[in-house]
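The values are calculated or read from the model by the stated rules, or taken from the named source; none is laboratory data. Every value quoted in this text rests on a predicted model; they were computed, and no experiment measured them. Every residue, glycine as well, gets a Cβ built from its backbone with ideal geometry; the counts of neighbours run over all protein chains shown. Areas reflect the complete protein model, heavy atoms only, side chains present, ligands, DNA and RNA absent. Shrake-Rupley method; radii C 1.70, N 1.55, O 1.52, S 1.80 Å.
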Amino acid sequence: MGDELRLMGLVSEAADRAGRTVLAVDERLVPLAARSFPAIEVRARGTVDESQATRQIPMGSLPAILRADLDAFPDHAGYLHPDPQAIADFRARLKALGPGLAVGIAWTSGLVTARRQGAHGPLEEWEAVLRTEGIKPVLLQYGPVEDEVRAAEAAFGCTIARWDDLDLKDDLDRVAALTAALDLMIATGSAVGTPLWSLLRPRDWVTLGTDRHPWYPAARTFHRAPGAGWRPLLEGEVAPALAALAKDQRS
């Protein structure tokens, strides 16, 4: 899902070259993509008769054409447009939580293979972030994590906001609205939110050999040290930066 969201940043450029374009995406992304790219026909994967196309290309092949070098990555503030009414709803919910920065957190993935294991870690390593004064943690992590969340709340004396009427895995249009309503999202390699602090492994491929996130130029990146877990990074860099941000908001 993260790859699909990342690559959707190229489809408008592709459509400009191709003319009439049909974009096939995960069914859960159809409402968000259709709103974000009104000049493109958006369909769920598996519903497009590709034999009727003059030409076709997988989204994963677009960077070879449109991002041949780092200078080809544009400076942008985002390309996805969540539902304004849903954003307003979540802003009201976040305001009702009380004062402080609303900070979304996501620490793992629905696809943790042996190769991807180092890209994620357990919530217990986020203690320094969850104990930061002046923040309201908000759950963005989908999957069966309720026991892990409750254990962290009990251990760290915090409350991680979540809503029973929001399916974080399948209701992605409203999830996008929630991320847009937040003050900040902090996540390991995962689907993107904005504004974003991205926690990355050493030499993570998405940085393309740089110390930044070319795909998301507004994102701030934090890199885990080789051989270390996430706790030292979260305690030594992320939590102090978050505390400073929360303090600036209060002043």
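Quotient of the Cα radius of gyration of segment 134-187 and 2.2 N^0.38 Å, N being its number of residues: 1.15. Other residues whose C-beta falls under 13 angstrom from the C-beta of A239 contribute a net charge of -2, scoring Lys and Arg +1 and Asp and Glu -1.
In this structure segment 21-118 gives 61 Å² per residue of accessible area when probed at 1.4 Å with all protein chains present.
For the options I186, I105, I160, a Gaussian network treatment of the chain with springs between C-alpha atoms closer than 10 Å singles out I160 as fluctuating the most. Measuring nothing but protein heavy atoms, the accessible surface of segment 1-45 at 1.4 Å probe radius is 47 percent carbon and sulfur.
Here, P(r) means the percent of Cα pairs in each 5 Å bin from 0 to the largest distance; for the chain it is 1, 6, 12, 17, 18, 17, 13, 8, 5, 2, 1, 0, 0. Here segment 36-93 is treated as an ellipsoid with the same Cα gyration tensor; its semi-axes, largest first and in whole Å, are 29, 22, 9. The residue list L242, A180, V206 was ranked by how far each Cα lies along the charge dipole of segment 152-244 toward its positive end, using unit charges on Cβ atoms, and V206 comes out on top. The slack between E41 and A154, meaning 0.36 nm per residue of separation minus the straight C-alpha distance, is 35.9 nm. For segment 72-104, the residues whose amide N sits under 15 Å from a probe point set 7 Å from the Cα of E133 along the beta carbon direction are 100-101. Please give the direction-averaged projected area of the C-alpha convex hull for segment 131-251, in square nanometres with one decimal. That works out to 8.5 nm².
Within the straight-line cut-off of under 16 Å between alpha carbons, the lysines reachable from K136 are K95, K247, sequence neighbours fewer than 8 places apart in one chain being disregarded. Distance between the 7 Å Cα→Cβ label points at R212 and K95: 3.5 nm.
Show log10 I(q)/I(0) for segment 1-139 at q = 0.22 Å⁻¹, two decimals, from a solvent-free Debye sum over equal Cα scatterers. For segment 1-139, the Cα-only Debye profile gives -1.32.
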